[in-house]
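Right, one structure below, let's go through it.
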Amino acid sequence: MTTTSSFETTEFRRSFTQETGELLRRRLIWFISVWGGINLVILALSITMLVTNSNFADLFKENWFKAFFILTSFAWFGAYLAALLLVLGRKVSSQTVVHLSLGLVILDGALGIGVRVMDIPGGFELWSFVAAHFIACCLFPWTVKQALIPVLTISLISAFSHLVIESSSFVPTLLLTLALILTMSPAVFICGIKYSQRIQRSTNKFLNQRYGMLRQELAYARQVHEALFPAPHAIGNIRYAYQYEPMRQIGGDYLYTKIHDTDSDGNERLSVVIIDVTGHGIPAALTVNRLHGEIDICFAENPDITPGELLAKLNKYVYLTLAKHSIYATAVCLRVDHSREKIEYASGGHPPAFIRGVDGTLRDVDPTTFVLGACSDNDFDSGQVEVEFMPGDSLIVYTDGAIEARSIDGKMLHIDGLRRILSSPVMPSVENGGQGQWADRILNEVTAYRGGLPPEDDTLAIEIYRPIKAFDNQIEDSESQALNTESDTNPVQTPEPV
C-alpha cells in the first residue's frame, strides 16, 4: 500500500524531473548557440590557416592528419547543429537532453585531444574542453555524477593517447591526467553546490504549493465538516445554542440534534448527541463523519430510540470498527421532553454536565458509563438516568477542551473553574436571564483564561434551555383567553347617550 509520504516523494521527483528537463533544454539551446558559435569561429580560423599554408590537394597526400582534422571539425559542427535542431524541433525526454549535453562536452574534449595528437598550430587542444566543462557545470542542472562523466571519460582517452599514440612514459602521463582532473574539480564542486541549492529551492517551492493546496483542501473540508452541525434553535419551547472552536481547522468534537414531531398540544421533544473523538485534526474529523452516519442510521431505523439505546449502539460501533485503531470517544446522548419536563440522559465517559436553574443554582449530571469502545456490547450498560428540566432551566454540556484549557502559567481551568463561570450572577440588563448565551460565554471565558495562547484541544459548548419568556407568554395567553371568555359571558353594557 502506498503511503502519503511515498506518494508525495514520487510526486516531488516527477515535478523535479520535469522542471530539470525544461531548464536543461533551455540551457542547452543557449550553450549550443553561444559556445558552439565561438568554437565554430575558432575552427573556421584553424581550417583557414591549414588551407592557406598548404595546397589543399596535398593535404590528403602528405598530411592526412590535417585533412582528418578538417573532416572531424565538420563532424563536430554537424553534431552541434543536429543537437540544436533536435531540441528545437520536437519534444525530447529529459534523459535525452542530458545525454546530448554530456555528449557535446565530451566531443569538445575529444576534438582537443585530436588537435594535440596532430600538433596543429593554433589549435585549442584541451583548454577548450576545460572551458566547455566549466561553463556546462555552471549552466546545466547536472548532478555531481553527471558532471564527473566528461572528466573521467576525457581523462581516460587522454591518458590512452599519451601512452599509445604519443608514446609518453607512464609517470608523466599519470601526472598530466591527475592535473587535468584537479583542474576540473572546481567545476564539479560548483555543480554540486548549484544542484543542492536547486534541490532546496524546488523542495521549498513544492512544499509551498502543497501547503497552499492543503490549506484550500482543509478549508473545503471544514465547510463539509461544519455542514454536519445543526443550526441553532431559538424558537419554541425547547431551544439550544452552541459554540465550537476546533484546535485546528477541523476537529473531533461533534453535535447532532433531532427535533421530533410536536404533539397536538404543541409539546416538543429534542434529541441531542455530543461526541468528542480522541485525537485532533483530519483523522478525528474523519471519525466524526463515520459516527454521524451511524447516528443517522440509528434514528432512521428507530426515530424513538432512547438515549441509552443510542449510546449502546455507538459503543458497539466504536468497539468493532475504531477501537482496534486505538480510537475512542466520549459521548452524551439525551432527550428533552417538554410535556414531561424531563431529560433522559446517558453519558459515556463525558465530563459532567450542569443544569443551571432560573435562580442560578447548579446541579451536576455525571457520566453514567464508560468511554465508548472500552468494552464490548455485552459488557456495556448505558446507565440511562432521568432528571427534571423545568421552565427557566438550562442544560450545559461541553467537551474537555473547556476544562483542560491552560493559563499562561500552565494551570488548568478544571471543572471547578467552569462551575465558577456558570455560578456567576447574570447582569440584570441581560435579556431572558442569560439563557441562550452560556455557550458563548464559556468560550469567551476559556479564551480569556488562556491569555492569548492557542487552544490545545477542540472545544464545544452547548446550552439547551426552556426559556422563561416562552413560559411567561403561555401564562399571558391563558390569562388573556380567560378574560376574553369572561367578556363573552358578561358583556359590558354601553350607556345610552343623554
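Annotations
- Residue count, the stretch 264-282 (criterion: over 25 Å from LYS342 (Cβ atoms) and either in contact with a Cys (Cβ under 6 Å, 6 or more places away or on another chain) or free of Cβ contacts under 8 Å to residues at least 40 places away in the same chain (or both)): 1
- Close Cβ contacts (under 8 Å, 6 or more residues apart or on different chains) running from residues in the stretch 206-223 that are farther than 19 Å from ARG13 by Cβ to residues that are in a helix (DSSP H, G or I) comprise LEU218/ILE282; ALA221/ILE282; ALA221/ALA285.
- Residues satisfying the stated conditions in the stretch 322-364, i.e. closer than 17 Å to ALA461 by Cβ and among the charged types (D, E, K, R): ARG356, ASP364
- The residue that is surrounded by the most Cβ atoms within 10 Å (Cβ to Cβ), among those in the stretch 253-304 that are among the hydroxyl-bearing types (Ser, Thr, Tyr) and over 20 Å from THR330 (Cβ atoms), is THR262.
Yes or no, residue by residue, for (1) closer than 21 Å to SER423 by Cα; (2) in the same structural domain as ASN289 (by TED's automatic domain parsing); (3) buried (at least 21 other Cβ atoms within 10 Å of the Cβ); (4) of a type outside the set (Phe, Trp, Tyr):
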position	(1), (2), (3), (4)
ASN315	no, yes, yes, yes
TYR319	no, yes, no, no
LYS324	no, yes, no, yes
ALA331	no, yes, yes, yes
SER339	no, yes, no, yes
ARG356	yes, yes, yes, yes
ASN378	no, yes, no, yes
SER382	no, yes, yes, yes
GLU386	no, yes, no, yes
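- Contact annotation: residue pairs with Cβ atoms under 9 Å, 6 or more positions apart or on different chains, pairing a residue in the stretch 158-182 that is assigned by TED's automatic domain parsing to the domain that holds ARG116 and surrounded by 12 or more Cβ atoms within 10 Å (Cβ to Cβ) with a partner that is charged (D, E, K, R) and assigned to a helix (DSSP H, G or I), are SER158/ARG116; SER161/ARG116; GLU166/ARG116.
- Only one entry of PRO391, PRO367 meets the criterion of being closer than 19 Å to GLY436 by Cβ and assigned to a loop (DSSP other than H, G, I, E, B), and that entry is PRO391.
- Residue check for PHE370: in the same structural domain as PRO391 (by TED's automatic domain parsing) and at pLDDT 95 or above: no
- TYR220, sole failed condition from (1) surrounded by fewer than 13 Cβ atoms within 10 Å (Cβ to Cβ); (2) closer than 30 Å to VAL144 by Cα; (3) among the hydroxyl-bearing types (Ser, Thr, Tyr): (2)
- Pairing each residue of the stretch 394-406 that is more than 21 Å from ARG335 (Cα to Cα) with any residue that is of a type in the set (Lys, Arg), provided the two are 6+ apart or on different chains, yields C-beta distances under 7 Å for ALA405/ARG450; ARG406/ARG450.
The values are calculated or read from the model by the stated rules, or taken from the named source; none is laboratory data. Keep in mind that this is a model prediction, so the values were computed, not measured. Positions of Cβ are generated from backbone atoms using ideal geometry, with glycine treated the same way; all protein chains shown enter the neighbour counts.
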